[in-house]
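Scroll down for the structure; my scribbles are underneath it.
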Amino acid sequence: DSAMVNPGPVGLLGPGCSRTAKALVGVAAAARFPVVSNSASHPDLSDRSRYPNFFRTIMPDSSFNGAWVSMAKALGQVSMSCVIGETSNWASMGSILKQQVDLQNMTLVGSDLHGEVGEGFRGMQVPTDSKEQAAVAARGLIKARQR
């Protein structure tokens with residue numbers, strides 16, 4: 001039908017993972033395309049100055065940090081520990097958790113990870129590239145629980 005409009009591509013749907021989304025957004029911006037993902041949930045993608053053409057239909061991973069802290073507090077805890085994996089990937093989530101801990105007058109305990117995550121961040125880094133590393137991490141969690 002000659003009355004139908006065919007605008008061609010108007011944007012990109014996907015990608016499914018945050019790492020690919022971060023890589024794709026710059027290319028899409030150069031083509032003046034928005035990127036819409038249903039599952040890329042990394043908190044950094046919320047930074048409109050770095051990812052102005054990125055949109056998602058899922059909450060960022062950091063959106064539940066306040067609820068975690070509130071739940072610990074409601075259960076009578078005054079301190080908590082955060083177990084993190086690859087810090088280069090999740091440092092922004094750790095800093096948002098630290099903000100929530102401070103807002104709710106709680107304390108983060110564990111190893112000093114300020115160099116990996118940010119000032120004042122304490123927790124446990126758990127590399128799990130192998131069964132041996134996972135076993136070491138599990139022993140560390142047991143020790144942290146006993147403190």
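Of note:
- Being open to solvent by 20 Å² or more (accessible area, probe 1.4 Å) and of a type in the set (G, A, S) is a property that S70 has.
- Counted residues, segment 115-147 - those being modelled with pLDDT of 75 or more, surrounded by fewer than 13 Cβ atoms within 10 Å (Cβ to Cβ) and outside any helix (DSSP H, G or I): 2
- Filtering segment 47-63 to residues that are modelled with pLDDT of 90 or more, within 14 Å of C17 (Cα to Cα) and in a loop (DSSP other than H, G, I, E, B) leaves only T57.
- Residue in segment 36-46 that is closer than 26 Å to R122 by Cβ, acidic (D, E), modelled with pLDDT of 90 or more and open to solvent by 30 Å² or more (accessible area, probe 1.4 Å) present: no
- Picking from residues in segment 25-35 that are in a helix (DSSP H, G or I) and open to solvent by 10 Å² or more (accessible area, probe 1.4 Å), the one that is farthest from S95 (Cα to Cα) is A30.
The values are calculated or read from the model by the stated rules, or taken from the named source; none is laboratory data. On a predicted model such as this, the values are computed, not experimentally measured, just so you know. Note that each Cβ is placed from the backbone with ideal geometry, even for glycine, and that neighbours are counted across all protein chains shown. Heads up: the accessible areas ignore ligands, DNA and RNA and are worked out on the full protein's heavy atoms, side chains in. Shrake-Rupley method; radii C 1.70, N 1.55, O 1.52, S 1.80 Å.
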